[in-house]
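Before I ask anything, let me first share the structure, which is written out below as structure tokens.
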Amino acid sequence: MDGSKLYDLQINNLSKTFFLNQNPVEVLKNIQLDVVSGEFLSIVGASGCGKSTLLRLIVGLDENYTGSLTISDNNDNTPKKVSLIFQEHRLFPWFTVTENVAFGLGSNYKGNKDKIVKEHIELVGLGEFTHCYPRQLSGGMRQRIAIARALVSKPDILLLDEPFGALDAMTRIRMQQELLGIWKRGQTTMIIVTHDIDEAVYLGDRVAVMDSSPGSFKKIVDVTLSRPRDRNSYDFASIKKEIYREFFNEEEMPYDFTI
Ligand SMILES: Nc1ncnc2c1ncn2[C@@H]1O[C@H](COP(=O)(O)OP(=O)(O)OP(=O)(O)O)[C@@H](O)[C@H]1O
């Protein structure tokens with residue numbers, strides 16, 4: 001930890017055990033992670049290594065763990081707000097786009113609800129679809145609504161669990177660019193879990209690589225490339241290669257990186 005930095009999230013020695021048929025299964029072990037305010041952190045790891053479990057702990061959906069997990073306070077001493085976007089959008093099918101996004105504000109919101117909801121629908125480029133129901137939208141549009149619903153409550157920390165996993169490659173790239181635009185404009189701290197190493201490097205200031213059984217961070221790679229990033233550059237490929245090496249040995253490497 002660096003004393004000169006402002007942290008939104010500090011995790012120390014966190015471990016998490018589930019019980020399966022009364023047998024303990026340690027899913028996360030000795031997790032160490034500090035996330036700086038405004039940072040974009042990517043987390044990659046094999047299926048089942050505990051990525052979603054970690055996000056659920058950060059957002060407070062599960063409070064049963066050992067070690068410490070601290071979300072910082074804002075300057076006014078209120079706790080920083082954390083929102084989680086799931087892989088599947090989890091929109092209400094019987095609500096319109098506007099109603100789904102308004103739901104993100106909660107029932108106690110005192111400000112101008114209509115205005116802020118409209119602004120956030122426009123932010124994700126769906127201003128013309130306010131009266132549509134989720135079934136009338138494409139997968140990418142639905143995920144954009146899920147992002148608007150999460151952002152409308154002005155989270156300080158946005159967690160994204162494989163948010164683009166179900167999208168086609170082109171929509172996925174567009175969504176990555178859109179997400180980066182939102183991140184830059186709003187200075188929200190973002191933590192994305194993804195299986196896609198290209199996506200992790202394209203988005204993240206750092207990429208945290210998780211080990212399995214039990215899950216822990218085995219490497220955190222700084223992505224020092226300027227933005228917008230060129231996915232075809234040598235430096236981009238070098239960082240991807242560094243991460244692939246954590247999963248494959250030289251013979252198994254899925255790509256030829258001899259560029
Ligand atoms: N409620 C639960 N009870 C028991 N075991 C659980 C529970 N939730 C998750 N697990 C187990 O914890 C491990 C980690 O699950 P988790 O969903 O966090 O993995 P993940 O890395 O997000 O996987 P994926 O990338 O496939 O989504 C898995 O072995 C899973 O079976």
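Just a yes or no: is a residue in the range 140-159 under 23 Å from ILE43 (Cβ atoms), within 16 Å of the ligand (Cβ to nearest atom) and at pLDDT 90 or above?
yes
Now, a different point. What tally of residues in the range 136-183 results from selecting those that are surrounded by fewer than 22 Cβ atoms within 10 Å (Cβ to Cβ) and of a type in the set (Phe, Trp, Tyr)?
Of the residues in the range 136-183, 1 are surrounded by fewer than 22 Cβ atoms within 10 Å (Cβ to Cβ) and of a type in the set (Phe, Trp, Tyr).
Here's another thing I want to ask about it. With more than 30 Å from TYR7 (Cβ to Cβ) and of a type in the set (A, V, I, L, M, F, W, C) as the only criterion, which of VAL152, VAL97, VAL82, VAL124 stands out? Lay out the reasoning, then the answer.
Values: VAL152 fails: more than 30 Å from TYR7 (Cβ to Cβ); VAL82 fails: more than 30 Å from TYR7 (Cβ to Cβ); VAL124 fails: more than 30 Å from TYR7 (Cβ to Cβ).
Answer to the selection: VAL97.
Taking SER233, is it modelled with pLDDT of 90 or more and open to solvent by 40 Å² or more (accessible area, probe 1.4 Å)? Reasoning before the result, please.
Details: modelled with pLDDT of 90 or more: yes; open to solvent by 40 Å² or more (accessible area, probe 1.4 Å): no.
Criteria not met by SER233.
Taking only pairs six or more apart or across chains, which ones have beta-carbon atoms under 9 Å, a first residue in the range 44-69 that is at pLDDT below 95, and a second residue that is open to solvent by 40 Å² or more (accessible area, probe 1.4 Å) and in a helix (DSSP H, G or I)?
Note: pairs meeting the criteria are ASP62/ARG56.
In the range 23-53, which residues are within 16 Å of the ligand (Cβ to nearest atom), β-branched (Val, Ile, Thr) and open to solvent by 10 Å² or more (accessible area, probe 1.4 Å)?
Residues satisfying the conditions are VAL25, VAL27, THR53.
Oh, and also: Return the residues of the range 9-22 that are open to solvent by 10 Å² or more (accessible area, probe 1.4 Å), more than 10 Å from the ligand (Cβ to nearest atom) and either at negative phi or in a strand (DSSP E or B) (or both); say none if nothing qualifies.
Answer for the range 9-22, where residues must be open to solvent by 10 Å² or more (accessible area, probe 1.4 Å), more than 10 Å from the ligand (Cβ to nearest atom) and either at negative phi or in a strand (DSSP E or B) (or both): GLN10, ASN12, ASN13, SER15.
Can you name the residue in the range 54-95 that is in a loop (DSSP other than H, G, I, E, B) and buried (at least 18 other Cβ atoms within 10 Å of the Cβ) and is also farthest from the ligand (Cβ to nearest atom) among such residues?
Here the answer is LEU91.
Continuing with this model, one more query. Checking the condition outside the structural domain of GLY204 (by the TED database) and polar (S, T, N, Q), which residue from ASN74, ASN108 passes?
ASN108
Under the condition of being within 12 Å of the ligand (Cβ to nearest atom) and outside any strand (DSSP E or B), which residue from the range 196-214 is most open to solvent (accessible area, probe 1.4 Å)?
The extreme case among them is SER213.
Conditions: (1) open to solvent by less than 60 Å² (accessible area, probe 1.4 Å); (2) in contact with a Ser or Thr (Cβ under 8 Å, 6 or more places away or on another chain). LYS241 meets all but one. Number of the miss?
LYS241 satisfies all of (1) open to solvent by less than 60 Å² (accessible area, probe 1.4 Å); (2) in contact with a Ser or Thr (Cβ under 8 Å, 6 or more places away or on another chain) except (2).
The values are calculated or read from the model by the stated rules, or taken from the named source; none is laboratory data. Here the structure is a predicted model, which is why all the values come from computation and not from measurement. All Cβ positions, glycine included, derive from the backbone under ideal geometry; neighbour counts span all protein chains shown. The protein model used for the area step is the full one, side chains on, heavy atoms only, and it has no ligands, DNA or RNA in it. Shrake-Rupley method; radii C 1.70, N 1.55, O 1.52, S 1.80 Å.
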